[in-house]
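The values are calculated or read from the model by the stated rules, or taken from the named source; none is laboratory data. Note that the structure is a prediction, hence the values are computed from the model and not measured. As a convention, Cβ positions derive from the backbone with ideal geometry for all residues, glycine included, and neighbour counts pool all protein chains shown.
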Amino acid sequence: MQAADTSMPENILNRPDAQTDDRQRRSWRTSPSRKVRRQTLLGWLFVLPALAIYALFVLLPLALTVQYSLYRWDGFNVPEWVGLSNYRTVLTDPDLLNTIFNAFRLIFFFSFIPVILGLVVASVIRRSSTGSLGNIARTVLFLPQVIPLVAAGIVWSVVLSLSGLANQILTAIGLEGITRAWLGDFDTALPAVGLIGTWVLLGLCTLLLLTGMTKIDPALYESARLDGAGAFREFLAITLPSLRQEIAVCVTVTVIAALRSFDIVYVTTGGGPGLATMVPGLDIYVLAFQARAVGVASALAVVLILLIVIIILPIQWLGRGNGE
Amino acid sequence: MFRTVNQPARLWGGLAVVALIATACGSTSATQTQTSSLATTTATATTAASVSASASASASTTAVPITCGTAPVVLNAYFETGFDIPFKLSEEFTKQYPNVTWNISQDQFTNLTNATPRLLVSDNPPDLIRLPTMVSLVKDGLLKNLDSYVTAFGWDKWPAAELLQDRVAADGTRGSGSLYAAGLNYSMTGVFYNKKLAAQIGMTTPPTTVADFESLLAKAKAAGLQPIMQWNASASGGGLAFPLQDLMAAFGPTQPINDWIFQKKGATIDTPTNLTAAQHLQQWITSGYFPKDVNAIEYTAANSRFVKGEGVFIFNGDWENADYDKNAAGNVGFFAFPSATAGGSLAGMSSPLTYGIAAKAKNADCAAFFLNWVATNATARQINVAIGGSNPGGPADLPIPPAAAGAVTNDSLAVGAQVSKANGAMDFIANSTGSIFAQGWTPELQKMVGGKETAEGLLKAVQAEYLKELSQ
């Protein structure tokens, strides 16, 4: 676009006959290159409001966060320059490192399980229930995406409480011994929070993968079947490779969801018990708005952003590999 | 009394309510003052006549007549969403002084807290504003020094403990120095009990020693009752800090606890008597006196389970009076946590509902007059007791208006009087630094419940967090 924008007009002006003839001038006005230039400008004009908002609400805060991370600041007094010392705090404070570690543990529940389970569920739906049953299954699985996370979190905390549905079911099937306040127990709080994430993200993954599957040429399956491949073989040889991009999208979205998780944790456990479910997103909030340690909070935010980018880039790269 | 995160994202339904209550309490405590002193001697005899008599008496002592005048005044006020008290008081004030009208803005406490410095420096600074911890605001010269009003209105004759938490010294510590805010009322904490269940375990009068109380807990446990209902989930903050601080004050003096909260130099929470307190708390935990899912119980859940009859006792504050009276009418009583030895002095956490005046406020005199009116006017005091359920403060010789017959508010007001008489009012240990509750007390208390922290480790960990936050 940029190239067209700058080089084309020059060509036009250099045309020997450009300024002589009225008729030609008219055509000159509507010549394709002029059009391109105008369209380019028009395009930028259309993008401008969005770009301005993006710059104001995303780029500027991002730059400010990086700036704040270099200061010791309580939010309103005069900030004090401290260089990289906030980053040293983030990378050495065991409590802060623990939050990052917790976020990685959540990836297993937010990303690994939904993607694996999503593949299985999508294959089952594709193979066996294409009619209204498939639609119902899809809708039900996708519903958690529609429900506000805070509302879902409140309901889940009731379900997982000592007298909640989860324990009632366990008691009914004779497992009373293992009942507990799932979100209040040091050993089970993080997996319980993770389970809620699985519930939320399974539908999204399933739907994405299912859509990807419909794109696969049925002839491939047919020939595989003629070659005597079973369902599992079919899945491994055709479905999985064809879904590379969709899987990359699923993994990307869910890994980001795990690393920057906030709402579910905030509503269900608030980071407790102890710091068993404390995640960077929540800690940034506590540090910035309760401890008023804006510098450390910003440094943790920057580290989190970098971590997400470092993890996501290879996934993107792997996902694209097949398509190019 | 405890601080809860009140995230910018909108919370709805029950959660909003929790957040409101929680922030309210958090806020109250954020700047507390010692209490309730007022009430002291004259708490009992109360007639309308005596109220108005003493009210006018105190008005006449005003040396320089600071009033709202007669010309129209618009007070620019920032109140906290979810709390009726300031609104009702402002309405009544306008009724009595029709030239004064109000321009009231309201917001959630957390949002208000974040905006306070900007509001105070703005071109239209608040004449009256609900305040969080105010040390930094004072350091930056954003709040009006109220010392001149102290002498003008005779606030220096009020019980000293009342205004203590709103004083800031030159070195930035609270608890002494110039006055920068005043309380609309003073909340009181202690132990609520279910009268029916208490009778069942043979409690006829409130316990007089910690040992007495502990034997009641043991009896309740033996009778198959839940001895204490409490909350300790992170979402609400560690409610076990309530009994812990009560135990600290039972085994040791309150002054070092306040010093620690006020960030006096060299103050520590890791003291021998506090260790005894923490050991008792741990023993309560291991004896099963708290619900086994206490780490997952949030504030509202604890209260609803208590009013439904689960729990003989709950450690909480008088802001819940109205709720208990409504949902368990006549069945809830209140007493101050007993001392370690019979006849020892009583203590409790108490906090002012703190309001300050911007340094650049246009109607500072009128705002100060309002603060004085709230504490001394008979109708204002009645509104405070009836709606807030809290001690209205003010001069010690003013009687406290009675609450409805049988209301638990009567118990809590009496306790407030006892505690202030013993000079046992304390700020809340969750308010020493901005996030000591979220990053110190709550996780450590939860670990103690989970058997992952000792009494000694708890105090050491919180002290370390305290020092870390002071240095950040």
Q.
Given the criteria more than 9 Å from chain B (Cβ to nearest Cβ), farther than 19 Å from A:Ile305 by Cα and surrounded by 22 or more Cβ atoms within 10 Å (Cβ to Cβ), does A:Glu246 qualify?
A. yes
Q: Looking only at the range B:418-461, count how many residues are under 18 Å from B:Ser350 (Cα atoms) and of a type in the set (Val, Ile, Thr).
A: 3
Q) On the given criteria, is B:Leu459 more than 14 Å from chain A (Cβ to nearest Cβ) and either touching a Phe, Trp or Tyr at 6+ places or on another chain (Cβ under 7 Å) or over 30 Å from B:Asp323 (Cβ atoms) (or both)? A) yes
Q | Yes/no for B:Met203 being closer than 16 Å to B:Ala336 by Cα, of a type in the set (A, V, I, L, M, F, W, C) and crowded, with 24+ Cβ neighbours inside 10 Å | A | no
Q: Look through the range B:116-126, keep the residues that are within 10 Å of chain A (Cβ to nearest Cβ) and closer than 14 Å to B:Ala77 by Cα, and return whichever of them is modelled with the highest pLDDT.
A: B:Leu120
Q. Wholly within the range B:150-259, which helices (runs of 4 or more DSSP H) include no fewer than the required count, namely at least 2 residues that are of a type in the set (Phe, Trp, Tyr)?
A. B:241-251
Q) Taking the condition surrounded by fewer than 24 Cβ atoms within 10 Å (Cβ to Cβ) and either over 16 Å from the mean Cα position of the chain (by Cα) or more than 27 Å from B:Ser234 (Cα to Cα) (or both), does B:Gly311 pass? A) no
**Q.** Those residues of the range A:147-199 which are buried (at least 16 other Cβ atoms within 10 Å of the Cβ), more than 9 Å from every other protein chain (Cβ to nearest Cβ), over 30 Å from the mean Cα position of the chain (by Cα) and assigned to a loop (DSSP other than H, G, I, E, B), in sequence order
**A.** A:Gly164, A:Thr179
Q: Answer yes or no as to whether B:Thr354 is at pLDDT below 95, closer than 29 Å to B:Leu244 by Cα, of a type outside the set (D, E, K, R) and assigned to a loop (DSSP other than H, G, I, E, B).
A: no
Q.
So, in the range A:280-306, how many residues would count as being more than 30 Å from A:Gly212 (Cβ to Cβ), more than 11 Å from chain B (Cβ to nearest Cβ) and in contact (Cβ under 8 Å) with a residue 24 or more places away in the chain?
A. 7
Q: Take A:Ile264 and decide whether it is within 14 Å of chain B (Cβ to nearest Cβ) and at pLDDT 90 or above.
A: yes
**Q.** Subset tally (residues that are away from every other protein chain (no Cβ under 14 Å) and part of a helix (DSSP H, G or I)) for the range B:265-301
**A.** 14
Q) Among helices (runs of 4 or more DSSP H) lying entirely in the range A:15-102, which contain 3 or more residues that are modelled with pLDDT under 85? A) A:22-29, A:32-54
Q | Test for A:Val309: is it touching a residue at least 60 places away in the same chain (Cβ under 8 Å), more than 21 Å from B:Ala461 (Cα to Cα) and in the same structural domain as A:Lys215 (by TED's automatic domain parsing) | A | no
